[in-house]
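**Q** The structure follows.
The values are calculated or read from the model by the stated rules, or taken from the named source; none is laboratory data. It should be emphasised that the depicted structure is a prediction, and the values quoted were computed from it without experimental measurement. Cβ atoms come from the backbone with ideal geometry, glycine included; neighbour counts cover every protein chain shown. The area values use the complete protein model at the heavy-atom level, side chains included, leaving out ligands, DNA and RNA. Shrake-Rupley method; radii C 1.70, N 1.55, O 1.52, S 1.80 Å.
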Amino acid sequence: MDSDPLVNLAAKGGAGSSIEAALDEMPSGPVTSMSHQILSRIDEEMLTDLKKTVAAVPSEPAIDELKETLPHDVDLFDEDVTTTDSDKKRSSTPPVDEHTQGKRAKRDKHGGQKERRVNYFVAARVFDPEIVSRVNIVHNTILEHAPALKSALIPLNKLHVTLLVIRLEADEIQRAVIALHQSRDKIAQLWSQNGDAYQMALRGIGHFQHHVLFARVDDGSVPFIVQLADVVRETFEDHGFELPSKDSFKPHITIAKMSKARSLKKKGIHRIKSDWYQKHVDDDFGKQLVSSVQLCSMVKPARSDGYYYCESESSLCESTLINPSML
């Protein structure tokens, strides 16, 4: 039987040495773990083609960037989400949903037990009449263009900014309630440091991959809301709770999202088009007094006033200028 020409080539030194050098220059990955015995069978022309192929394989950071361009069903903290076992972990930026990263069930990196799904969240309710009215106007504008999106709109009595998402077992709820109330003293320090910063201003409209539409927290109010979320988070961690990463936290008030109406895809509607709300993209929605924070359930039936079921609510101000009961 004729000898293998590639073996002969390698034996004569025609490709072996250059292959070894080229191997060291290749990007790290599965190819570089191949045995030198196999690589030594590749001639110079094949090696050149192989290097081009390997170079075209995206690195892990590049893959992460690619994931971030994919559509998301929810914004980084979207508590109004029903998770399933098939849900995959979302990338951390941009925020996948008012609730992205800790909300979705996923397997650990070893393919073992699935992480616990979050089922509660800490929020500050948005109930200012001016804000509610302006969100309603945006809703109506969207419906003029796409009546089928009615089921994707967030009810006006559920508007809120999410500060934290968490998984609680039945025997942990009371401890979480204690943590919620103990965060008040720390938050009171923010009041004294920030003056009227507890007036959260909302201005403009943004979206997450056209699947989630939200009112933006004005740039001037973002640092305060982030501080508020950090205080709540630190207090819960002090009480021994393990929390999802906060890397993607982006304060916002969700006003519509495709995941609330999964049947829309069957109707050919796969995203919330910017044309449907364009005239409101720079609207000033007004200011909300952040007067309390609530520990809300994602799964229990809503309260009689339509807001999420609250295990507890901690008042942040001695006097409240506007009360949710006024809605």
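**Q** Report every pair of residues separated by at least 6 positions or lying on different chains whose Cβ atoms are under 6 Å apart, first residue within the range 287-311 and outside any loop (DSSP other than H, G, I, E, B), second small (Gly, Ala, Ser) and open to solvent by 30 Å² or more (accessible area, probe 1.4 Å).
**A** Taking only residues 6 or more apart or on different chains, the pairs are 292/315.
**Q** Let me ask something else about it. Among the listed residues 166, 225, 173, which satisfies the condition of being hydrophobic (A, V, I, L, M, F, W, C), in contact (Cβ under 8 Å) with a residue 12 or more places away in the chain and surrounded by fewer than 16 Cβ atoms within 10 Å (Cβ to Cβ)?
**A** None of the other options fit; the residue is 173.
**Q** Among the residues of the range 236-278, which ones are more than 22 Å from the chain's Cα centre (by Cα) and closer than 30 Å to residue 128 by Cα?
**A** 275, 276, 277, 278
**Q** Say we look at the range 176-195 and pick out the residues that are loosely packed, with under 15 Cβ neighbours inside 10 Å and aliphatic (A, V, I, L, M); which of these is modelled with the lowest pLDDT?
**A** 188
**Q** In the range 236-256, which residue that is out of contact with any helix residue (DSSP H, G or I) (no Cβ under 6 Å at 6 or more places or on another chain) and under 20 Å from residue 153 (Cβ atoms) is surrounded by the fewest Cβ atoms within 10 Å (Cβ to Cβ)?
**A** Among those that are out of contact with any helix residue (DSSP H, G or I) (no Cβ under 6 Å at 6 or more places or on another chain) and under 20 Å from residue 153 (Cβ atoms), it is 253.
**Q** Further question on the same structure: Which of the residues belonging to the range 196-221 are open to solvent by less than 50 Å² (accessible area, probe 1.4 Å) and closer than 20 Å to residue 292 by Cβ?
**A** 197, 200, 201, 202, 215, 217, 221
**Q** Here are some residues: 129, 155, 147. Which one is loosely packed, with under 14 Cβ neighbours inside 10 Å and out of contact with any Gly (no Cβ under 9 Å at 6 or more places or on another chain)? Steps first, answer last, please.
**A** Working: 129 fails: out of contact with any Gly (no Cβ under 9 Å at 6 or more places or on another chain); 155 fails: out of contact with any Gly (no Cβ under 9 Å at 6 or more places or on another chain).
Selected residue: 147, the only one of 129, 155, 147 that is loosely packed, with under 14 Cβ neighbours inside 10 Å and out of contact with any Gly (no Cβ under 9 Å at 6 or more places or on another chain).
**Q** Now, a different point. Could you check how many residues of the range 291-327 are at pLDDT below 90, hydrophobic (A, V, I, L, M, F, W, C) and farther than 18 Å from residue 191 by Cα?
**A** Number satisfying all stated conditions: 2.
**Q** Can you find a residue that is assigned to a helix (DSSP H, G or I) and within 17 Å of residue 160 (Cβ to Cβ) anywhere in the range 246-256?
**A** No: zero hits.
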